[in-house]
Structure formats: C-alpha cells, structure tokens
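**Student:** One structure is given below, represented as structure tokens, and several questions about it will come after.
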Amino acid sequence: MRASYSGVNSRLMIKRISKLFSDRKYWVRLIAIAGLSGGVAWFLGDLLIQDGGVVAAIVSTLSIRISLHKSLREGFGQIVGTAIGAGIALLTVSLFSFGFLAIATTIILCAVVARALHLGEVASVNVPVTALIVIGPGISQNTAVHRLGSTLIGAAVAIFFSYFSVSNTPIDRARMQIRSVSEKAAALLAQMSEGVAAGYSQKDAGKWLAQARLLVEEVPAIRAQSVEARSHARWFPTAEKDVAEEMYIEGIATEHTLVQVRTIARTLFDSSVEGGIADSAKKQIAVALSAASYAISAHVDLPDDINDFSSSPTDDAREAGSALAETLIEDGKDVDQDQIVRGLSIVANIGIIADSLDQNSPALKDVITPDEPAKSKVLEVSPLEQTATLWNRIVKSIRKYF
C-alpha cells in the first residue's frame, strides 16, 4: 500500500515539474538556445584563438536576444565596446604600468569616451568591462587583439543562434502583443459597462483605474516591438515593409486607445468620489462603454473588410457616444455641471477610440512619432551626425581667428 502511494506521489511530482516547463515553452526555448550559443562560442573561441573561449562565451551570452535584429545591434555594441576598451587599456597600462592608477584611469577614460561617442547604455557598460577583462591576464598588444577576435566570434555565434531563438518574426510578435493588450482593454471596458449599469462603488472604480494603469504600462513594450518590426523590415529584404509599416501605425493606434481607456476609468473614479453618476445617464454610459468594448474586440477578431458593411462596430460606438451626449445635454438643467462635463469627456474618449481603431485620425499619421528612444540605440547619435557637428565646430573656430 505504501509503495503504491509513493508511486502516485512520484508521478504527481513529475507531472508538476513537467507542467512548470511546458507552461514556459517560450522561456525554455530561449535559455536552451542561449546555453547552446555560449557553448559553441566557447568551443570556437578556444579552437581559433588561444584562450579565447571564455571571452567568446561571455560576449555570446551578453549579445544574444530574442530576435536576429536585436542580436545584430547588441553584437555591434559588443565589438565597439571591445575595440575602445582594449585600446584604452593598452594606453593606460603603457603609461602607468599595471596597478591601481591604470585600473582607475581605464574606467574613467572608458566612461568619458563612451559618453563622448553617445554609445548608449549597452555599449557604454561594455567598454569599461571589456577593458578590465583585457587588463586581467596581463595587458599586451597580442592580448588586446586576441580579446577583440574572441569578441567577434562570440558576437557572430550569438547572431547566428538568435535566428532560432523564437519562431515568430518581429511583425508577428508585435501583432501578438497588440492583440493581447486589446483583448484586455475590451474586457475592462465591458466590466466598467456592467458596473455602471448595476451602480458601481468607489472601490469598483479604483480597481478599474488600477487595471487601466497596468494596461498603459504595456505601451513601451508595444512601441519597442512595433519599432523593431519596422526597423527589421528596412534591413532584411525578405521582410514585408508595407505590413511592418501598417503594424507600426497599429501600435500607435493601440497606444492612443489604451490612454483613452485609462482616462475613462479615471473619469468614472472621479464621478464615484463626487457622488456617482446621475441615474438618467447610467444606461447611456453603460451602452456607450459596451459599444466601445465591442469595437475593440471586433477590430482584433473580425476581418479587415468589416468597414465595407453599412454599419461597423466603430460607427456603433460613435452613435452610442452621440446618444449619451444628447442625454446629458437634455438633462443639463437637472444634473450637476461637473457630471455633465465628465459625461461629455467619456463621449470624446469613445470617439477617439473609434478614430484610432479606424486609423482615420490625423494624430496617428500626420504627427511624427520618435522612431526609437536614444537610450535603446547602440549609437545614440549617428557617426555622420557626430562628424558633421564636429566639422561645424572646427569651421566656426577657424572663422573666429581668420
């Protein structure tokens, strides 16, 4: 009896452990490929360069990312950092010999050079780290060359294996992120609609506002992924540039939608603090929120030719918003003005959501959105721009004296 009981427990334990990994297939794939990449980099590093395996494995681990495009960028940053760090290490050790002063001077000079070249966060960290790695075994010109060669091997291996790290393209990953967050936004609007119809409390409104804030926190990830999709399409001939550009605009539209959802949640919370929504407007607000929720869901689930029908979900949302506005205006004499203003604010928010889903608002395409945060780039300022700026300074200095 004990033996059978022990066998059941063992099977349950194995099943639980297996489930831990099966539920995290994406993560398991990433770490397995990262480990394989590091091992191959170590093997090739030791095979091609004397004692180059460790550095190659380190660089491979630091460079490999979830996409080929990102790994190319990280690998380039590692190579730039290694070249600069090795050069500075050679200079400081030749001037001060190995010791306290050489180490301190190396770190300071690396930080100054990285800042002057606008290398960004990734490469700026790699520069002093690489310099210290080079100094470690005893600096020499051969050592610096070996370290640079090992870095090239590690970066190349990481770039190669990053192609297999995920099965989805940057466009597919952006589409999955947008779909996931849109479904959450639609579900939240549905909750708010039901809550308004039933008579919500301040506690309910607080929960909605907290969920809306969490949704908005996903905006940077969506923006980064849509930017990557567009950038990837520029560099790789097999990528579909038109689809990537559409996905980029879709990411901006999703950002606008999420902001409006959060604003609606804040408006409902403020209304609960000030005494709640007028009974005459509850039904219309609930209907309008429900229509907005369905519009977002339909945008994700229904085919692209949905707008060919006589009335689309976004049109229904606009009509529900117009009906709410008429109700608020008709009850203007009997309802507090602050409540009317908050109700009209919801109408405007729903209209912006509908325009964002239809992508017919000039705010989406006519306003230039920053391509990518400077801190996310390997070079925050392009070499051409830096050279042009330096040349202009030199010309101005010459004109002062001649």
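**Student:** Please give the peptides 283-293, 173-183, 187-197 ranked by average Cβ packing (other Cβ atoms within 10 Å per residue), highest first, as a rough proxy for protection.
**Tutor:** 283-293, 187-197, 173-183
**Student:** If R0 is 41 Å, what FRET efficiency do you get for Ile249 and Phe100 from their C-beta distance, rounded to 0.05? All intermediate terms of the calculation are to be shown ahead of the outcome.
**Tutor:** On the way: r = 55 Å, r/R0 = 1.35.
Efficiency for this residue pair is about 0.15.
**Student:** 7 Å from Cα along Cα→Cβ at both Gln337 and Ala116: what's the point-to-point distance in nm?
**Tutor:** 6.2 nm
**Student:** May I pose another question? Quick one: length gained pulling Met176 to Leu344 fully straight, 0.36 nm per residue minus the C-alpha distance?
**Tutor:** On the way: separation 168, 0.36 × 168 = 60.48 nm, distance 3.31 nm.
That works out to 57.2 nm of additional length.
**Student:** Here's another thing I want to ask about it. Want the number for Ala198 to Met13: 0.36 nm per residue separation, take away the alpha-carbon distance, what's left? Show your work: numbers first, answer last.
**Tutor:** Working: separation 185, 0.36 × 185 = 66.60 nm, distance 4.52 nm.
Gain on extension, Ala198 to Met13, equals 62.1 nm.
**Student:** Further, regarding this structure: Compute the length gained on full extension between Phe160 and Leu47: take 0.36 nm times their separation in residues and subtract their Cα-Cα distance, giving the result in nm to one decimal. All intermediate terms of the calculation are to be shown ahead of the outcome.
**Tutor:** Working: separation 113, 0.36 × 113 = 40.68 nm, distance 1.80 nm.
Gain in length upon complete extension: 38.9 nm.
**Student:** Let me ask something additional. At a probe size of 1.4 Å, how large is the accessible area of Trp208, to the nearest 10 Å²?
**Tutor:** Only protein atoms counted, so the area is about 20 Å².
**Student:** For the pair Arg213 and Val273, how long in nm is the line joining their label points, each one 7 Å along Cα→Cβ?
**Tutor:** Computed distance between label sites Arg213 and Val273 equals 1.2 nm.
**Student:** Where Lys and Arg each count +1 and Asp and Glu each count -1, what net charge lies around Ala205 among other residues with Cβ under 15 Å from its Cβ? Mind dumping the intermediate values first?
**Tutor:** Values: positive: Lys203, Lys207, Arg213, Arg262, Arg266, Lys282, Arg342; negative: Glu194, Asp204, Asp270, Glu274.
Net charge in that neighbourhood comes out at +3.
**Student:** Around Ala278, which amide H atoms from residues at least 5 apart in sequence, or from another chain, sit under 5 Å from its own amide H, with H modelled in the peptide plane?
**Tutor:** none
The values are calculated or read from the model by the stated rules, or taken from the named source; none is laboratory data. As the structure is a computational prediction, the values presented were derived from the model and not from experiment. When we count neighbours, we look across all protein chains shown, and the Cβ atoms used for this are built from the backbone with ideal geometry, even at glycine. Just the protein is used for accessible areas: all its heavy atoms, side chains included, with ligands, DNA and RNA removed. Shrake-Rupley method; radii C 1.70, N 1.55, O 1.52, S 1.80 Å.
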